[in-house]
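Worksheet for the structure shown next.
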Amino acid sequence: MLYPSQFAFQANRCGHTTRNIEFSVWENSNVMSIKGIFKRWVAMFIVLYQFKVKSNREQEFCQAWHAGTIGIYESRGSLGSRLHKSEDGTYIAYAQWPSAEQYEKNLELASDAKAALTTVQECCDSVAILQRMTVVDDLLKEQRAF
């Protein structure tokens, strides 16, 4: 069953005028969809990762990254992640979190997610956190590549 509710908040973006924005929210167990142009404002904290993957382990790395990221999403409260491959072959992941506090929580992962993240490490020559960032403006569209 869906339960509508209303809420409003103030957005202050890059020195732009602060404004009140109202949303209609529909909740259904774990699913919440916010109707409105600013629905992506829930992503307030970003972590940028760099993976230098061993040349013969790229497919295994991608599969393990996918499985591990789903585990983090399901158990640690992340908002999801995107994996990119640069022109030089380096992989970059962009992970979104509702807050720095949520990112810092060390919540337990399922054993299959732990195994997947161990495989990610084993597939790489190096793994680094490049940046921890706070979102100040967000104009990305909600559209999946796949």
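Table for the structure above
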read-out: Failed item in (1) assigned to a helix (DSSP H, G or I); (2) in contact (Cβ under 8 Å) with a residue 12 or more places away in the chain; (3) not hydroxyl-bearing (Ser, Thr, Tyr), with residue 56 passing the rest; value: (2)
read-out: Conditions (1) within 12 Å of the chain's Cα centre (by Cα); (2) under 16 Å from residue 46 (Cα atoms): number failed by residue 136; value: (1)
read-out: Filter result (surrounded by 12 or more Cβ atoms within 10 Å (Cβ to Cβ), assigned to a helix (DSSP H, G or I) and more than 16 Å from the chain's Cα centre (by Cα)) within the stretch 92-111; value: none
read-out: Residue match in the stretch 97-114 (condition: acidic (Asp, Glu) and within 18 Å of residue 45 (Cβ to Cβ)); value: yes
read-out: Scope the stretch 117-141; condition loosely packed, with under 13 Cβ neighbours inside 10 Å, in a loop (DSSP other than H, G, I, E, B) and either among the β-branched types (Val, Ile, Thr) or touching a Cys at 6+ places or on another chain (Cβ under 7 Å) (or both); matching residues; value: 136, 137
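A quick yes/no check of all residues on (1) assigned by TED's automatic domain parsing to the domain that holds residue 126; (2) at pLDDT 90 or above; (3) hydrophobic (A, V, I, L, M, F, W, C):
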{"residue": "23", "(1), (2), (3)": "no, no, yes"}
{"residue": "27", "(1), (2), (3)": "no, no, no"}
{"residue": "81", "(1), (2), (3)": "yes, yes, no"}
{"residue": "100", "(1), (2), (3)": "yes, yes, yes"}
{"residue": "109", "(1), (2), (3)": "yes, no, yes"}
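The values are calculated or read from the model by the stated rules, or taken from the named source; none is laboratory data. All values reported here derive from a predicted model rather than from experimental measurement. When we count neighbours, we look across all protein chains shown, and the Cβ atoms used for this are built from the backbone with ideal geometry, even at glycine.
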